[in-house]
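In what follows, a single structure is set out as structure tokens and then discussed.
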Amino acid sequence: MTAWGALPMLAVMLPVLGMVLALPAGARGAERITLALLPVGIALAVGTAAAVQASGAPVVHLLGHWAPPLGLSFRADGLSAAMLLTAALVVAAVALFARAGFGTAAGAPETRAAFAFWPLLLALWGATNLVVVATDLFTLYVALELLTFAAMPIVCLDGKRATLEAALRYLMFALLGSVLYLLGVALIYGAYGTLDFVLLAGKARAEVPTYVAVALMTAGLLAKTALLPLHLWLPPAHAGAPPAASAILSALVVKGSFVILVRLWFGVMPGLAAPAAAQVLGALGAAAILLGSVAALRQERLKLLVAYSTVAQIGYLFLMFPLLVAAPGHEAFAAKTWTGGVLQAVSHAFAKASMFLAAGLIAARLGQDRIDGLAGAARLLPVPVAAFGLAGLSLMGVPPSGGFAAKWMLLTSAIEAGQWWWALVILGGGLLTGSYVYRVMAAALTGDGTQPALRRPDKREKIVLALALVSVVLGLLPLAAFGLVQVGRLDLAP
Amino acid sequence: MSLLVDAFSLLAILAGLVFFAAGTAGLLRFPDASSRLHALTKADHLGLGLIVLGLLPRAEAVGGAPRLIAVWLLVLVSSAAAGPLLARLARRR
Amino acid sequence: MMADGLIAAAILGVALATIASRGTFTAVALFIAYGLLLSFAWVRLGAIDIALTEAAIGAGLSGALLLGAASRVAGRGAAMDRRPGRAMTVAIALGCAGVTAALAAAILLLPDPAPSLAPQVAANIGATGLGNPVAAVLMSFRGLDTLLESAVLVLAVIAAWSLAPDDAWGGKPGPMQPVLADGPLALLARLLPPLGILVAVHVLWIGKDAPGGKFQAAAILAAMWMLPWMAGRVVPPPISARWLRVAVAAGPALFIAIGLAGWMTQGAFLAYPPGLALPLIMVVEIALTASIAIALALLVIGPPGRRA
Amino acid sequence: MTATVFGLVGALLTGIGLFGLLARPEPLLRILAFNVLGGGIFLVFGAVARRGAGAGFAGDPVPQAIILTGIVVAFAATTLAVALLLRIASDDESDPS
Amino acid sequence: MPELLLTAAVIVLVSVIAGLPRILRGPAVVDRIMAAQLLGTGGIAALLLAGVATATPSFVDAALVLALLAAFATIAMARAAPRGDDAP
């Protein structure tokens, strides 16, 4: 139990409480609750990061004073702090952006979409925070289900037939993923008598139950993270989703299961992780990067292009696995790979949130989102198109963006580890990403400009630009700033 | 005395088992749905009733006879009401 | 032992028949039998708490939910995907057999003696004032899970309502029920709920010392609320009704409030002040029972549907 | 012994449910298969709980409590899947295209 | 005596489980409902027998819950029963 442990606890419980209270509060009340919680959540995340950074150790909160294995705890390490901050900022941006579409004016009747949006957003926020600070594998299962139950309805808020079917497919994928995960949890308890991953760290034995459990949990989490070939649900789910929902889904929801996977592999069972299995995960990641980027290049709709880009960018995260498995004994190298992976997750979150919101603004203004119909978009909507381009730089890995720093660290790690083939994949992925971003930008920058550019300034454009700028500026931070994400890494535990 | 009580218990429970077996046999063997329904409702009411009767002398072990009787009454009430509902269904086809 | 084999064989047979069944009604009827048989298995495994839950939720509420769905999608087998081809089916079957084999091997190779937290629960149960170890885990040691799960139910209600068509928004949940004349169903709808409520209160109250508790009681209450609804004697309140929304949120909100109060006074979320643990737990249990019961019933009834 | 029997039944049910979920195209049957699968998983967990019997309890109460929570969460998932399915079916009804 | 009661419980279970094929075979919807109902009643009887044999009061609570929910499920089934024989 540490003094600042209450900060991550509040970061989880306040959005959950807000979600519960949003039901009786109604659409307008729920909107107000959400807006009131935004600064509080950011403050809690900043506080947690400062506490972790200052103490150089994770902050811990024991629930009801019961210590694991009997009780449950919240534990915020560097990775948690980085994700808490990312979640708070992305949720804040999305919430402010969404007021135009889901806000309720005083005295206006409650609409279905407005009623549902705010509590679902709060649930996604609380569940993301829970995923990154909970230490118990079953609590994490509940958190994953919270994510699913909120993400499924938020993508089909428009109520159209195709969207509903995509949502049903998503739900089936997600539920299958959770039950496979739960099966692994049962075996872990049977083998070790605890589900706390801090207690489990380094205790794993090379036995059949452990391997079966980790294999099942990995398969389940991959389905939720949408790693190729389990990505089939993701693009259709995005196709009809509101931009705000897509932004949250790509930026945060798919990262939740990834964080659990990293903790499972490198926290619970370091040393047991078979290099061959890690190579398989890396290969799936590489396939996702290449095939996802090619698929993005071939899309006709802007929104689907961005969605396939998410499939590809998720692939980069999985390059961490073969590199970290090769790391034992090389602390500096492991630290670089770890930072690269986390930075990829964070910078992608900001860049992708910006891209989806920008695509939403463009589609709303043009009345459609076909890429070959984008002519004149840059004149009509200079700020969103610029934001899209900036975010694209980060996805490509162009200096000095956050995406560049992340990909550079992964790339040099790959070469140092003697696994040069991943470096080729990263370079190839960057080129492909550049191609599809260029395709969009080229289409948007053409046009004769006959349309009048006269219109009211839209506050939402600034939000989109701010998100893109964050993803770029992340690359300008001095490397020392990333010391934070190393704090409390479980594979460092003795 | 206790021998007599035990004998009574066993006899009642045995009779209950016979009724359950008869219910299953009826369900499997009788030719049409209506007669299967009649066989079944009688069999399981009486079967459960007799088993509860047989258990009453030993009911102290589970918190007293009223609890056992409550279970039986509940089953009786619900299947008494469900019976006509099912009979209506059986006639409908 | 004999009973184990018998129940095991019956469960497997019913499960296979469910998966292979051709008619939807038959599949659901088999699934209800599956739920009942599972609750017998839980009795054999010495988990009466779970047996009660499985009977109430697995067989009862899930049964009613799926039956309603079966009768409404009947005849429209809107298949989501095409049926997999023969080669694909064989591949899927082999994959599933592989999962089963791996699981079976893992189960057979679990360490002996099994690791267990039972001694720790026994050593610490005194602090909670409860006699039922499962209730102690649910309300104290792993109280967070229970809290989150009650929040999951609130979220599920919101999510289900969000699936209503726009033109039905704010209306009464569920499909329209036929109003039946005084028949056997109407009689049952009048007779059963009072008895059921008594049983639910009993199950809730003994839950602190013996198997039972809020989920089981809430599931029974939900079923008893639905009976008159199914008989067409009661119309559920519209989803815009403030009291309904307050009732669903009240239990979880109170639980979180007590948790936060524990943090402010005792220094840890969900810490109960010494001596006050049992009364606070009982207050939360009662509030949660009411909220969970309404949430479960609303989930089974479903979101408002289109006017016919 | 009882624990092992039902643990293995759980493993078999998992396979059966998984097969139904992947091989049956009808959404309602998939939802049923998901529930069969859930029953299998909870039985595996139940076997683990039973093996941990001790300190005067018939099973380890911690996994028993986890199973209770899991059953309720799985039920909520089922209701959502059914609601979505019925919504899609009702769209078919009003718009037969 | 407890052994005899437990044997009786097993016999009830055997008897009602033997009726289960009716759910699958039908042919009438009401047959399927009856077989499920019989399983419920038999389970209640077996629980009571086992509860008395092992002096476990909570078995009677389980039987009470089962009685309530079995009635509920029967009504739900009767209400949702399709016309005809549930042709696929």
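Structure values in brief
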quantity: Number of positions in the stretch A:322-361 that are among the basic types (Lys, Arg) and closer than 13 Å to A:Met409 by Cα; calculated: 1
quantity: Checklist (1) within 27 Å of C:Leu109 (Cβ to Cβ); (2) more than 7 Å from chain C (Cβ to nearest Cβ) applied to D:Phe34, failing item; calculated: (1)
quantity: Which numbered condition A:Ala277 fails, given (1) of a type outside the set (D, E, K, R); (2) at pLDDT below 90; (3) under 18 Å from A:Arg489 (Cα atoms); calculated: (3)
quantity: Qualifying residue in the stretch E:73-88 (condition: open to solvent by 20 Å² or more (accessible area, probe 1.4 Å), outside any helix (DSSP H, G or I) and of a type in the set (Lys, Arg)); calculated: yes
quantity: Residue within the stretch A:433-445 that is at pLDDT below 90, out of contact with any Leu (no Cβ under 7 Å at 6 or more places or on another chain) and surrounded by fewer than 21 Cβ atoms within 10 Å (Cβ to Cβ) present; calculated: yes
quantity: Neighbours by Cβ (under 7 Å, 6+ apart or cross-chain): first from the stretch B:71-93, in contact (Cβ under 8 Å) with a residue 24 or more places away in the chain; second crowded, with 17+ Cβ neighbours inside 10 Å and outside any helix (DSSP H, G or I); calculated: B:Ala90/E:Ala28; B:Arg93/E:Ala28
quantity: In the stretch E:23-40, the residues that are open to solvent by 10 Å² or more (accessible area, probe 1.4 Å) and either under 13 Å from the mean Cα position of the chain (by Cα) or touching a residue at least 60 places away in the same chain (Cβ under 8 Å) (or both); calculated: E:Arg32, E:Gln37
quantity: Selection within the stretch A:276-317 - open to solvent by 10 Å² or more (accessible area, probe 1.4 Å), small (Gly, Ala, Ser) and under 20 Å from A:Ala351 (Cα atoms); calculated: A:Ala295
quantity: Residues of the stretch B:4-36 classified as of a type in the set (D, E, K, R) and in contact (Cβ under 8 Å) with a residue 60 or more places away in the chain, total; calculated: 0
quantity: Verdict on D:Leu68 being assigned to a helix (DSSP H, G or I) and under 23 Å from C:Gly95 (Cα atoms); calculated: no
quantity: Count - residues of the stretch A:381-421 that are part of a helix (DSSP H, G or I) and buried (at least 20 other Cβ atoms within 10 Å of the Cβ); calculated: 22
quantity: Selected residue (only one of A:Leu84, A:Leu89, A:Leu144, A:Leu62 is crowded, with 24+ Cβ neighbours inside 10 Å, outside the structural domain of A:Ala251 (by TED's automatic domain parsing) and touching a residue at least 60 places away in the same chain (Cβ under 8 Å)); calculated: A:Leu84
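Residue-by-condition table, conditions (1) part of a helix (DSSP H, G or I); (2) surrounded by fewer than 24 Cβ atoms within 10 Å (Cβ to Cβ); (3) aromatic (Phe, Trp, Tyr):
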position	(1), (2), (3)
A:Pro119	yes, no, no
A:Ala167	yes, no, no
A:Val198	yes, yes, no
A:Ala206	no, yes, no
A:Ala215	yes, yes, no
A:Ala219	yes, yes, no
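The values are calculated or read from the model by the stated rules, or taken from the named source; none is laboratory data. The structure displayed is predicted, hence computed values, not measured ones. Positions of Cβ are backbone-derived with ideal geometry, glycine not excepted, and every protein chain shown enters the neighbour counts. Note: accessible area is taken over every heavy atom of the protein model, side chains too, but ligands, DNA and RNA are not part of it. Shrake-Rupley method; radii C 1.70, N 1.55, O 1.52, S 1.80 Å.
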